[in-house]
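The values are calculated or read from the model by the stated rules, or taken from the named source; none is laboratory data. Please read all numbers here as calculations on a predicted model, not as lab measurements. All Cβ positions, even for glycine, are placed from backbone atoms using ideal geometry, and neighbour counts span all protein chains on display.
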Amino acid sequence: MTAATAVTTYDAIVVGAGPSGLNCARLLHREGLAVRVYEARERLGGRIHTFHPADGGPPLELGAQVVHGEHNPVHELVGPGRTTAVPRRVTARIVEDGANREMGALSFGRRAPWQLEAMLQRAPGVTGLSVGTWLRAVGSTGPEAAAATEWFRQNWAADPDGLSAAGVASAHRGDGVGEGEYAVEGGFARLPERLAAGLDVRLGEPVREVRYGPGRVTVRTGAGTAGGTAGGTAGGTAAARALVLTVPPAAVGGVAGLPAHKLDAAARLPAGDGCCAVVTLDRSAPDTMIVFDVDGRTGFVRCTAGRPEALVVAKAGAASRLRAALGDRTALAALLAVALPWTSDAAVLDVTVADWGRDPYAAGAFTAPRAGLEDAARQWAEPVDGTLFFAGEATVTGERLPWVQGALASGERAAEQVLKALR
């Protein structure tokens, strides 16, 4: 083979520089394997995406929001003392039937949504049921049911009638990270930066095609404008003894050459819709506040006292409503004013958006366990010929919570599978 057609060969190629891919690559590299990571985006992190205000104010998260639990591996991975507990003393409100009221109203004469989700975690006999069916079975009706329905939509990016009750309960039981919520000093993007240290990462270079046989895989990549440790690249071909694919199942249509049974599993693992926006206003918030929009228009909205930004995190139907308003600042201001009345006469100065539902490399927020499709995640996660391996939150759906800790765990599991296969 001539130098012009030579193909660089690695022990492993990892596709995707989100937390699952980077954690997998980090662990393989630590064992002395030659690893390359390809990332389609021009940045690290996947669905971790931190917004930094121009004036140097506190960062806001347009993707993964918080570190869940005091035993979450993120605490160690970002470095000692780099996480702090999210303050509990905030003003918590809801929007229900168009009215803005205290969040405590969700517990007045009814079970609050979080109480119902806690009940589900302990409920027997939920196999084969959707969350919606289970809610009706436990007598959840009227305003209680409406609030619970939107709660599950916003926390799981899926409608309760399509959400597996057993999968939700099992994911909670399998999580084991403990209680509490924490923020990463300087933003969640610190995690992928730390994970990528010392790795050969190629940014802006999507993998377009995979060809494989037992013990050997070749990938063809697209053109890129940014490089990792090796600098810029125009795309090309590389080979390895193993490949770890962390692309979300809903987005694998951009990668040719995958086995038909994997594409079938991927088709049964749709990602729920999600859209996040930081709206910068011409005045500062008078209070630190979180608002849950029971009416399904804005999801969760947050603001911090003394800061001009409002963060909107919307999933399921609320994501499409937010998306529709983003092109019209008057409509966006009107939407925001219902959740945050102090913004009613404020002007929108700037909007920064992370539209995960329209992102070609994410195709949604994350993958929730779907009723009747509980085996799809297992089938998607299964290695092929000891050569193709799979990671990402979708591979642990219904087994762990599909958040950052689940993604990290999936990367660790894939690394163990690769090491066993290669050694």
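Considering 232, 228, 257, which residue is surrounded by fewer than 16 Cβ atoms within 10 Å (Cβ to Cβ) and modelled with pLDDT under 95? Spell out how you get there, then give the answer.
On the way: 228 fails: surrounded by fewer than 16 Cβ atoms within 10 Å (Cβ to Cβ); 257 fails: modelled with pLDDT under 95.
Matching residue, one of 232, 228, 257: 232.
Restricting to strands (runs of 3 or more DSSP E) lying wholly in segment 8-107: which have 1 or more residues that are more than 20 Å from residue 247 (Cα to Cα) and not basic (Lys, Arg)? Break it down into steps so the answer makes sense when it comes.
Working: elements: 8-15, 35-38, 83-85, 91-96, 99-102.
Because the criterion is at least 1 residues that are more than 20 Å from residue 247 (Cα to Cα) and not basic (Lys, Arg), the strands (runs of 3 or more DSSP E) in segment 8-107 that meet it are 8-15, 83-85, 91-96, 99-102.
Taking only segment 139-178 into account, find how many residues are at positive phi and in contact with a helix residue (DSSP H, G or I) (Cβ under 6 Å, 6 or more places away or on another chain).
Restricting attention to segment 139-178, the residues satisfying the condition of being at positive phi are 139, 142, 157, 176, 178.
So of that shortlist, the ones also in contact with a helix residue (DSSP H, G or I) (Cβ under 6 Å, 6 or more places away or on another chain) come out as none.
The total comes to 0.
Give the number of residues within segment 164-189 that are closer than 18 Å to residue 268 by Cα and surrounded by 24 or more Cβ atoms within 10 Å (Cβ to Cβ).
So the answer is 4.
Go through segment 322-345 and report how many residues are closer than 23 Å to residue 105 by Cβ and either touching a residue at least 40 places away in the same chain (Cβ under 8 Å) or buried (at least 19 other Cβ atoms within 10 Å of the Cβ) (or both).
Going through segment 322-345 one residue at a time, the tally reaches 8.
Results for (1) over 30 Å from residue 65 (Cβ atoms); (2) hydrophobic (A, V, I, L, M, F, W, C); (3) modelled with pLDDT of 95 or more, shown as yes or no for each residue.
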site: 382; (1), (2), (3): yes, no, yes
site: 387; (1), (2), (3): yes, no, yes
site: 391; (1), (2), (3): no, yes, yes
site: 399; (1), (2), (3): no, no, no
site: 407; (1), (2), (3): no, yes, yes
site: 410; (1), (2), (3): no, no, yes
site: 413; (1), (2), (3): no, no, yes
site: 418; (1), (2), (3): yes, yes, yes
site: 421; (1), (2), (3): yes, yes, yes
